[in-house]
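Single-structure report; data block below.
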Amino acid sequence: MAFDCDLFVIGGGSGGVRAARIAAAEGSANVHLAEESRMGGTCVIRGCVPKKLMVFASGYGEMIRDAHAYGWDVAAGPFDWPRFRHALEAELDRLEAAYRATLAGAGVTVHDARATLEDAHTVRLAGGERLRARHILVATGGRPYVPEFPGSDLAITSNEMFHLPTLPGRALVVGGGYIASEFACILNGMGVDVTQIYRGAQILRGFDDEARGHVATAMQAGGIAIRCGTDVLRLERADGGIRAVATDGSETVFDLVLYATGRKPNAAGIGLEALGVEFGRSGQIVVDDYSQTAVPSIYAVGDVTGRINLTPVAIREGHAFADTVFGGVPTRADHELVASAVFTQPELGAVGLTEEAARDQEAIEVYSATFRPMQSLFAGRSDRVLMKLIVSVATRRVLGCHIVGPQAGEMIQLAAIAIRMGATKEDFDRTVAVHPTMSEELVTMRRPTRQS
Ligand code: NDP
């Protein structure tokens with residue numbers, strides 16, 4: 001059977017681009033890639049990257065206030081959203097061009113078009129062109145999901161957050177996950193009056209309870225009104241804004257309503273159903289350890305497979321696919337002990353088991369410390385940092401680490417290496433502290449706070 005290319009990748013996000021690049025550059029494959037939107041995908045264009053830049057932008061107000069305490073004669077003016085947004089758009093243009101250059105450098109042929117499948121080897125581009133590929137990789141990512149309810153069309157999603165013409169005065173953020181909590185903090189830092197509504201008992205479900213509580217308390221102290229155990233019944237236009245009628249009986253008018261109630265895989269409409277590819281309960285593509293679907297020539301990586309929806313995981317999956325299929329080295333994408341950070345203010349970094357999950361598994365010791373870090377303490381703020389280690393009584397291994405505080409994302413990356421290597425509590429203790437830092441607390445917690 002004659003093929004036009006060795007690999008056709010559908011989707012130019014983190015996972016697809018990595019797979020295409022490695023297959024072409026290291027596997028000497030003839031690779032084509034189709035992207036219907038902007039190259040770079042969710043992470044680069046409407047996710048991690050612009051979000052993190054917004055996190056930085058939103059932090060300067062507090063920094064300027066702190067600077068005054070440190071002797072600097074400066075005062076924060078109003079935040080100029082349009083100026084920041086233009087700079088942000090220019091940066092995204094630069095990054096998109098860099099992604100294109102990387103693909104071109106690796107010899108990948110890019111099609112700026114939607115691609116669908118006609119059979120297990122035939123890709124059809126929106127313009128009508130057909131290509132036959134030996135292997136197909138679906139890396140189409142996901143999209144925000146807004147539940148159906150009266151007035152739901154008045155809500156926006158994270159996709160629109162980067163293009164707001166003006167900043168709202170009052171914003172409602174619905175959801176308690178990564179995206180809701182991060183945007184609540186970003187908007188609050190930019191001077192918006194923020195209410196966050198979450199249907200559960202505490203935001204950031206799935207993270208360590210103590211760490212969630214710590215983040216929520218700090219967010220509230222920072223000025224965000226978090227209303228848990230509440231859901232929105234309907235939205236309606238009112239008084240120049242959007243009235244949200246909630247289950248707690250409240251009726252409040254906002255200028256912007258952001259729904260961050262999860263994401264759905266972009267798996268439908270590609271033509272996969274007719275070919276025998278299997279789907280999970282959330283509509284995600286079911287794959288094996290090597291990212292292969294039930295159709296041998298079709299693979300899938302990233303959010304469309306709904307394993308762990310994080311950019312670095314999609315990159316690992318894409319790379320492992322390329323090594324397996326084009327490098328001659330069968331490689332499983334490893335989903336163990338994946339560290340992550342929630343870029344709230346304060347940040348939350350986590351790796352391994354929560355106290356609750358570890359307690360269900362085996363006997364544990366918990367080492368937990370909260371303290372006021374010197375930088376903000378000096379500036380007169382009462383912020384507290386949380387450092388927490390979960391330790392196995394039987395093996396002494398550190399099963400989990402949870403950090404809440406400035407730069408928690410940076411710290412957890414390094415803690416994750418030690419934990420991944422199987423470090424014990426005594427290995428942490430043998431490590432001499434770097435002083436004065438916040439992270440030295442990780443190697444100086446002598447007595448367990450509790451055992452269970
Ligand atoms: P999450 O799954 O993290 O959170 C969704 C939230 O919406 C939950 O609080 C959920 O409540 C709530 N929810 C779901 N359905 C409804 C509904 N019908 N009505 C009301 N509330 C609802 O999704 P996100 O959108 O925040 O993020 C998607 C994924 O993107 C994350 O899981 C993460 O993998 C990734 N991400 C990672 C980031 C990072 O690494 N820093 C940043 C942003 C995203 P409940 O808890 O009750 O289910």
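The values are calculated or read from the model by the stated rules, or taken from the named source; none is laboratory data. Quick caveat: nothing in here was measured; it's all calculated off a predicted structure. Cβ coordinates were reconstructed from backbone atoms using ideal geometry, including for glycine residues, and neighbour counts include every protein chain displayed. The accessibility values were calculated without ligands, DNA or RNA, using every heavy atom of the protein model including side chains. Shrake-Rupley method; radii C 1.70, N 1.55, O 1.52, S 1.80 Å.
Any chance segment 272-289 includes a residue that's of a type in the set (Phe, Trp, Tyr), away from the ligand (no atom under 13 Å from the Cβ) and surrounded by fewer than 24 Cβ atoms within 10 Å (Cβ to Cβ)?
The answer is yes; a qualifying residue exists.
Do we find that Ala87 is under 21 Å from Leu187 (Cβ atoms), among the hydrophobic types (A, V, I, L, M, F, W, C), open to solvent by 20 Å² or more (accessible area, probe 1.4 Å) and part of a loop (DSSP other than H, G, I, E, B) in this structure?
Against the criterion (under 21 Å from Leu187 (Cβ atoms), among the hydrophobic types (A, V, I, L, M, F, W, C), open to solvent by 20 Å² or more (accessible area, probe 1.4 Å) and part of a loop (DSSP other than H, G, I, E, B)), Ala87 does not qualify.
What is the one condition in (1) in a strand (DSSP E or B); (2) in contact (Cβ under 8 Å) with a residue 40 or more places away in the chain; (3) over 30 Å from Ala357 (Cβ atoms) that Ile197 does not satisfy?
(3)
Can you confirm whether segment 428-441 contains a residue that is surrounded by 19 or more Cβ atoms within 10 Å (Cβ to Cβ), under 25 Å from Glu336 (Cα atoms) and more than 27 Å from the chain's Cα centre (by Cα)?
Yes; the residues of segment 428-441 include at least one that is surrounded by 19 or more Cβ atoms within 10 Å (Cβ to Cβ), under 25 Å from Glu336 (Cα atoms) and more than 27 Å from the chain's Cα centre (by Cα).
Out of the strands (runs of 3 or more DSSP E) lying entirely within segment 329-439, which hold 2 or more residues that are among the polar types (S, T, N, Q) and closer than 21 Å to Ile203 by Cβ?
364-371
Considering each residue of segment 129-149, count those that are within 10 Å of the ligand (Cβ to nearest atom) and without any contact (Cβ under 8 Å) to a residue 24 or more places away in the chain, and give that number.
1
Which of the numbered conditions does Ile179 fail, given that it passes all the others? Conditions: (1) within 24 Å of Phe79 (Cβ to Cβ); (2) surrounded by fewer than 24 Cβ atoms within 10 Å (Cβ to Cβ); (3) away from the ligand (no atom under 12 Å from the Cβ).
Unmet condition: (3).
Whether any residue in segment 215-227 is open to solvent by less than 10 Å² (accessible area, probe 1.4 Å), over 23 Å from Phe84 (Cα atoms), in contact with a Leu (Cβ under 6 Å, 6 or more places away or on another chain) and not in a loop (DSSP other than H, G, I, E, B) is what I want to check.
yes
Please enumerate the residues belonging to segment 150-175 that are open to solvent by 10 Å² or more (accessible area, probe 1.4 Å), assigned to a loop (DSSP other than H, G, I, E, B) and either on the phi < 0 side of the Ramachandran plot or more than 14 Å from the ligand (Cβ to nearest atom) (or both).
Scanning segment 150-175 gives Pro150, Ala155, Thr157, His163, Leu164, Pro165, Thr166, Leu167, Pro168, Gly169.
Which residues, taken from segment 97-115, are of a type in the set (D, E, K, R) and assigned to a loop (DSSP other than H, G, I, E, B)?
The answer is Asp112, Arg114.
For segment 116-125, state whether one or more residues are hydroxyl-bearing (Ser, Thr, Tyr), assigned to a strand (DSSP E or B) and open to solvent by less than 30 Å² (accessible area, probe 1.4 Å).
yes
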